[in-house]
1. Whether any residue in the stretch 107-124 is modelled with pLDDT of 85 or more and part of a helix (DSSP H, G or I) is what I want to check.
2. Could you list, in sequence order, all residues of the stretch 64-77 that are exposed (fewer than 15 other Cβ atoms within 10 Å of the Cβ) and not aromatic (Phe, Trp, Tyr)?
3. Only one residue in 58, 90 is surrounded by 22 or more Cβ atoms within 10 Å (Cβ to Cβ) and within 19 Å of residue 142 (Cα to Cα), so which one is that?
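The values are calculated or read from the model by the stated rules, or taken from the named source; none is laboratory data. What you see is a predicted model, and the numbers here were worked out from it, not measured in a lab. When we count neighbours, we look across all protein chains shown, and the Cβ atoms used for this are built from the backbone with ideal geometry, even at glycine.
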Amino acid sequence: LDRARFIEDIHFLKTFDEHIRKRLPQNFSTILEVGVGNWTYAFALATFFQHYNGQASIVGIDNDSFYVEEAKASVQDRNVKGIEATLGDIRYWSGKHDVVINICPNLTSDENILNSRRLTPAKDFFYNIWKSVSEEGLFVMGLGYTSASETDALGVLAPFFKNIVSNRNPYLTDKSTYPMEFLITAKPKLPTELTQS
């Protein structure tokens with residue numbers, strides 16, 4: 001057992017349980033994670049959602065085949081059930097999901113979608129996420145130490161989401177392997193509300 005990863009899973013689960021459980025849509029069943037990377041949180045995600053619905057379907061997408069293979073290996077290595085990684089791009093993703101998740105610990109890189117020089121791609125990205133969340137669904141975003149600031153994240157979400165709540169992760173320590181500093185949850189605006197933004 002990887003002790004650091006296990007502790008990280010516990011912290012992730014506690015944070016999700018405290019800040020997301022009460023906002024989960026009733027009778028949720030479909031969960032989409034956008035940008036799985038190596039899917040560090042796959043075990044915790046599956047544990048959390050399947051605890052509240054044993055039939056929950058969890059799909060993670062990434063537009064980089066390297067990371068999809070890394071995610072699949074991580075899921076297999078940890079024997080995670082009921083979760084699937086697949087090649088996909090949110091810009092072309094069809095279908096609605098009860099919960100859409102985007103955990104981005106590296107949003108301050110030069111290519112990050114929240115970089116002020118790339119405002120249009122950020123708007124496109126979050127518009128496509130908005131399209132993927134069911135009307136009564138929930139969007140969850142995790143920001144790490146190296147992510148864009150909380151203010152930047154809240155600003156780019158505001159045109160597409162409402163009832164935005166940001167919570168600082170109380171379990172974050174300097175020993176965190178994959179730190180998630182903020183957990184942001186939001187409800188999608190109705191299509192008619194978008195035109196007013």
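1. So the first thing to find is which residues in the stretch 107-124 are modelled with pLDDT of 85 or more, and the list is none.
No, the stretch 107-124 has no match at all.
2. Hits for the stretch 64-77 are 64, 65, 69, 73, 76, 77.
3. Numbers: 90 fails: surrounded by 22 or more Cβ atoms within 10 Å (Cβ to Cβ).
After applying the criteria, what remains is 58.
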